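**Q** Have a look at the structure that comes next, please.
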Amino acid sequence: MSDSSLVLFATLLQAESPRIVLASQSATRRTLLEQAGIRAETRPARIDEGAVRESAHAEGLSPGDCALLLAELKAQRIREPDCVVIGADQILECDGVWFEKPADRAAARTQLLALRGRAHVLHSAVVVMRDGQVIWRHVARPELTMRRFSEPFLDAYLDLEGDAVLSSVGAYRLEGPGIHLFERVTGEHAAILGLPLLPLLGFLRQHGVVLA
């Protein structure tokens, strides 16, 4: 699909105003909106995510509440009039342990071995703000179970994916070769990728941002 056809498609589904701004540098989240025919401007929203997670964990926040906090902090970074701002974040939790994006291949390998043969939950949060106020928030909790893959498979997978594994909190891309890691997946595919799209679209329709 060309850029011009995407704009036309978006115009048919999306109200002329307000503008939608995605407070994220995530190419995956941007693509999910584009594929749904939503024209969103993207703005980087840099926060110290590690420090926020560490503080939230120490204060006893749940993974879902921490993901919501991160999503809201990102959305707060965008101060523009006449726009709807979408912030999103995701935390992987397995038996009470929170996982972050791996720093390097060795960390990705260690993380995947820790998740092998076990179920984990992706707490995928989305927050919508307008005029500096939160007007909607939601957390989806898809559950994924990794199969008991062999270490030779794991090394081959890491060779194939390269640095791509470092861009995901789970060290996998479910939309790519990472699908081979799993034996069972439950929940919305978009939420697994980092944006609970179905409930978000429902909210945007209710508020006239997307056509009903």
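The values are calculated or read from the model by the stated rules, or taken from the named source; none is laboratory data. Remember, predicted model here, so these are calculated numbers, not experimental data. Methodologically, a virtual Cβ is constructed for each residue, glycine included, from the backbone with ideal geometry; neighbour enumeration extends over all protein chains shown. Each accessible area value is taken on the protein alone, full model and side chains, heavy atoms only, with ligands, DNA and RNA left out. Shrake-Rupley method; radii C 1.70, N 1.55, O 1.52, S 1.80 Å.
**Q** For the stretch 165-189, give me each residue that is within 22 Å of Val139 (Cβ to Cβ), open to solvent by 10 Å² or more (accessible area, probe 1.4 Å) and not charged (D, E, K, R).
**A** Ser167, Ser168, Val169, Tyr172, Leu174, Phe182, Val185, Thr186, Gly187, His189
**Q** A further question follows. Among the numbered criteria (1) under 16 Å from the mean Cα position of the chain (by Cα); (2) surrounded by fewer than 13 Cβ atoms within 10 Å (Cβ to Cβ); (3) of a type in the set (Ser, Thr, Tyr), which one does Thr28 miss?
**A** Against the list (1) under 16 Å from the mean Cα position of the chain (by Cα); (2) surrounded by fewer than 13 Cβ atoms within 10 Å (Cβ to Cβ); (3) of a type in the set (Ser, Thr, Tyr), Thr28 comes up short only on (2).
**Q** I'd like to know if the stretch 140-162 contains one or more residues that are part of a strand (DSSP E or B), closer than 30 Å to Arg19 by Cβ and touching a residue at least 24 places away in the same chain (Cβ under 8 Å).
**A** Residues of the stretch 140-162 that are part of a strand (DSSP E or B), as a first pass: 140, 143-146.
Now narrow it down to the ones that are closer than 30 Å to Arg19 by Cβ: 140.
Next, only the ones that are touching a residue at least 24 places away in the same chain (Cβ under 8 Å) stay: 140.
The answer is yes; a qualifying residue exists.
**Q** I need every pair where a residue in the stretch 50-69 that is of a type in the set (Lys, Arg) has its Cβ under 8 Å from the Cβ of a residue that is part of a loop (DSSP other than H, G, I, E, B), sequence separation at least 6 or different chains.
**A** Hits for this filter: Arg53/Glu100.
**Q** Here is a further query. Could you list all residues from the stretch 44-64 that are at pLDDT below 95, open to solvent by less than 70 Å² (accessible area, probe 1.4 Å), within 18 Å of the chain's Cα centre (by Cα) and not aliphatic (A, V, I, L, M)?
**A** Pro44, Glu49, Gly50, Arg53 - these are the residues of the stretch 44-64 that are at pLDDT below 95, open to solvent by less than 70 Å² (accessible area, probe 1.4 Å), within 18 Å of the chain's Cα centre (by Cα) and not aliphatic (A, V, I, L, M).
**Q** Can you spot a residue in the stretch 110-117 that is in contact with a helix residue (DSSP H, G or I) (Cβ under 6 Å, 6 or more places away or on another chain), in contact (Cβ under 8 Å) with a residue 24 or more places away in the chain and outside any helix (DSSP H, G or I)?
**A** Taking every residue of the stretch 110-117 in turn, none turns out to be in contact with a helix residue (DSSP H, G or I) (Cβ under 6 Å, 6 or more places away or on another chain), in contact (Cβ under 8 Å) with a residue 24 or more places away in the chain and outside any helix (DSSP H, G or I).
**Q** Further, regarding this structure: With closer than 19 Å to Thr31 by Cβ, under 12 Å from the mean Cα position of the chain (by Cα) and not in a loop (DSSP other than H, G, I, E, B) as the only criterion, which of Leu122, Leu166, Leu195 stands out? Working first, answer last.
**A** Values: Leu166 fails: under 12 Å from the mean Cα position of the chain (by Cα); Leu195 fails: not in a loop (DSSP other than H, G, I, E, B).
Unique residue meeting the criteria: Leu122.
**Q** In the stretch 90-107, which residue that is open to solvent by 70 Å² or more (accessible area, probe 1.4 Å) and part of a loop (DSSP other than H, G, I, E, B) is nearest to Ala51 (Cα to Cα)?
**A** Taking the stretch 90-107 first, the residues open to solvent by 70 Å² or more (accessible area, probe 1.4 Å) are 95, 97, 100-101, 103-105.
Filter once more, keeping what is part of a loop (DSSP other than H, G, I, E, B): 95, 100-101, 103-104.
On the way: Asp95: 22, Glu100: 12, Lys101: 14, Ala103: 16, Asp104: 19 Å.
Checking each candidate, the answer is Glu100.
**Q** Check the stretch 122-142 and report whether any residue there is more than 30 Å from Arg39 (Cα to Cα) and surrounded by 18 or more Cβ atoms within 10 Å (Cβ to Cβ).
**A** no
**Q** Which of (1) surrounded by 17 or more Cβ atoms within 10 Å (Cβ to Cβ); (2) closer than 24 Å to Val185 by Cβ; (3) among the polar types (S, T, N, Q) is the odd one out, the single condition Thr110 does not satisfy?
**A** Tallying (1) surrounded by 17 or more Cβ atoms within 10 Å (Cβ to Cβ); (2) closer than 24 Å to Val185 by Cβ; (3) among the polar types (S, T, N, Q), Thr110 fails exactly one: (1).
**Q** Then there's this: Please pick out the residue among Glu183, Glu188, Glu175, Glu161 that is at pLDDT below 95 and not polar (S, T, N, Q). Lay out the reasoning, then the answer.
**A** Details: Glu183 fails: at pLDDT below 95; Glu188 fails: at pLDDT below 95; Glu161 fails: at pLDDT below 95.
Among Glu183, Glu188, Glu175, Glu161, only Glu175 is at pLDDT below 95 and not polar (S, T, N, Q).
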